[in-house]
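The numbers here are math on the coordinates, done by the rules we state, and not lab data. Predicted model, so just to flag it, every value in this text is computed and none were measured. Backbone-built Cβ (ideal geometry, glycine too); neighbour counts: all protein chains shown.
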Amino acid sequence: MNRHCYKPLIAPGQVDLMLEQAQTRLEQHMLRVRSKEMGAFGRTLLVLPSLRCIPQRLLLENVIGLSNDDIRRLF
């Protein structure tokens, strides 16, 4: 795990709870969408840590499709 990608947590307990809720919802979604594909949820969990190091701007521009003006308004 690349620790240099992360900032220190202010409320680790709350983050753990939110992480558990997000994983539960993702698993439920994957079961609905890919019910016949065995192991899809597990493979998705294995990929997620590498996605954390993608620069935020890259995600917002290329994946979500926000413009530079939209991004400036967010931050």
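Some values worked out for this structure:
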read-out: Residue count for region 59-73, restricted to those that are among the β-branched types (V, I, T) and either surrounded by fewer than 10 Cβ atoms within 10 Å (Cβ to Cβ) or not in a helix (DSSP H, G or I) (or both); value: 1
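A quick yes/no check of all residues on (1) part of a helix (DSSP H, G or I); (2) surrounded by 10 or more Cβ atoms within 10 Å (Cβ to Cβ):
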position: L9; (1), (2): no, yes
position: T24; (1), (2): yes, yes
position: E27; (1), (2): yes, yes
position: S35; (1), (2): no, no
position: M38; (1), (2): no, no
position: G42; (1), (2): yes, yes
position: P49; (1), (2): yes, yes
position: I54; (1), (2): no, yes
position: R57; (1), (2): yes, yes
